[in-house]
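For reference, the structure is listed below as structure tokens.
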């Protein structure tokens with residue numbers, strides 16, 4: 001099991017604002033912030049960390065991405081809307097992807113630093129026909 005995940009950013013203040021607003025749609029909150037880091041989580045658990053990176057350093061790894069669980073399809077769409085409003089770009093609109101899994105409902109965006117961020121809700125009803133809970 002993964003304990004937490006960290007990524008670098010060239011614009012820590014903007015990234016903190018971005019993730020504070022976007023992750024709130026999934027139930028995450030800013031748990032800790034100082035000049036060296038910003039840490040997000042749920043119920044005091046530190047799960048996702050942002051660290052300032054030196055200018056000119058590479059932040060992105062080929063084919064790497066972060067995927068957050070969403071409690072519902074509505075939360076998935078809300079994350080996408082919040083991300084776009086704060087400057088992210090869409091790689092995949094919110095929706096089902098039967099080619100991935102009949103239970104998959106998700107979205108993928110590029111954050112302010114170009115990190116690929118996925119948000120996914122797994123709908124336990126076959127074909128994604130369950131109510132949005």
Residues of segment 47-105 satisfying the condition of being free of Cβ contacts under 8 Å to residues at least 40 places away in the same chain, assigned to a loop (DSSP other than H, G, I, E, B) and touching a helix residue (DSSP H, G or I) at 6+ places or on another chain (Cβ under 9 Å): 98, 102, 103
Single condition residue 98 does not satisfy, out of (1) more than 30 Å from residue 52 (Cβ to Cβ); (2) under 14 Å from the mean Cα position of the chain (by Cα): (2)
Residue match in segment 61-68 (condition: under 30 Å from residue 10 (Cβ atoms) and crowded, with 16+ Cβ neighbours inside 10 Å): yes
Options 42, 7; residue that is more than 15 Å from residue 115 (Cα to Cα) and either surrounded by 11 or more Cβ atoms within 10 Å (Cβ to Cβ) or touching a strand residue (DSSP E or B) at 6+ places or on another chain (Cβ under 8 Å) (or both): 42
Selection status of residue 115, surrounded by fewer than 18 Cβ atoms within 10 Å (Cβ to Cβ) and under 20 Å from residue 12 (Cα atoms): no
Residue that is farthest from residue 18 (Cα to Cα) [pool: residues in segment 118-133 that are surrounded by 14 or more Cβ atoms within 10 Å (Cβ to Cβ) and modelled with pLDDT of 95 or more]: 121
Any hit, segment 70-79, residues being loosely packed, with under 14 Cβ neighbours inside 10 Å, touching a strand residue (DSSP E or B) at 6+ places or on another chain (Cβ under 9 Å) and modelled with pLDDT of 95 or more: yes
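The values are calculated or read from the model by the stated rules, or taken from the named source; none is laboratory data. These numbers come from a predicted model, not from an experiment. Cβ sites come from the backbone with ideal geometry, for glycine too, and all protein chains shown count toward neighbours.
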